Amino acid sequence: MADGQQREEQLGGEQHEQDADDRRLVRRALHPGPAGLNDEEIQAAPLVHVGNFKERDPPIFRGLPHEDVMEWSYQFQRVSAFNQWGPDQQLRHIEFSLEGVAARWFSGLRPHPETIDGMMGALQAAFRHHNYALELESQLRSRKMGVDEPVMSYCYDIIYLCSKVDPTMAEERKVQFIFQNMEPTLMQKVFPQMDRMDTTELFRRLQAHSQAALIAGRSIPVNQILPTPPASSSGHIARYCTSSNSGRKSGAQSE
């Protein structure tokens, strides 16, 4: 009798395990998870990006001479962070972010790096420009303010180039680069007003000047606000003034 009870318990346990396996199969069919993850890992994975979230497409790199692989790497990392891609996902997406020369380079790469850091290092070694630091400094020194370019657009571009050349660049040095190729008349107006040589003070002065120039540009001349009287009205006023003067003169003579 004990053997029969033990047998029933064993069959019951096996049935319970079978039911659990069936539930896992149904879950996998309805909600497939990433390859290689077991049920515990899938259940433990946090749910992210609820609602109407839409992933950003990674930037395309073609390996053309004018392209900057370092800038592309930075933008790829930004998209990866937004999409919450892990290292393995980043590695898979890189292949489909390469076109043209870069795609052919990837196809012939042997062996393929197995980590995202290794792949980024290989890409940068293959496509980074020779003397890259010198090229960045040349871009910074040759960046001139356009004729009709907004001053803050010019300033922010200079600051961005400064951060690429030297992330620890001193504030005074950044201000010098901004003034170097700024419109001379604007520099002459702003520089004497500065209390200290840093970008916060410079931007405050430039924004105040830009606002004043914008307000002045919106001003309307007085002759456009008060319309010129029509010719008939002008003649009537002139005749009225003449008759009034004549009346005053005749009155004075009679006296």
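Using unit Cβ charges (K, R positive; D, E negative) and no other charged atoms, how large, in debye to the nearest 20, is the dipole of region 69-128 about its Cα centre?
With only Lys, Arg, Asp and Glu charged at Cβ, the dipole is about 120 debye.
Could you please rank 164, 54, 189, 144, placing first whichever residue has the fewest other Cβ atoms within 10 Å of its Cβ?
With the fewest neighbours first, 164, 54, 189, 144 line up as 54, 144, 189, 164.
What list do you get for 209, 93, 112 if you sort them by fewest beta carbons within 10 Å?
The fewest-first ordering by Cβ neighbours comes to 112, 209, 93.
Relative contact order for region 132-216 using alpha-carbon pairs under 8 Å, separation at least 6, rounded to a whole percent?
29 percent
Can you classify region 132-216 as rounded, prolate or oblate using the Cα gyration tensor, where a ≥ b ≥ c are the square roots of its eigenvalues, rounded means a/c under 1.5, and otherwise it's prolate if a/b beats b/c and oblate if not? Please report the intermediate quantities before stating the final value.
Details: a/c = 2.28, a/b = 1.58, b/c = 1.44.
The shape class here is prolate.
Bear in mind these aren't lab numbers, they're just calculated from the coordinates by the rules spelled out. Small disclaimer: the values here were computed from a predicted structure and weren't measured. Because the Cβ atoms are built from the backbone with ideal geometry, glycine has one as well, and the counts that use them run over all protein chains shown.
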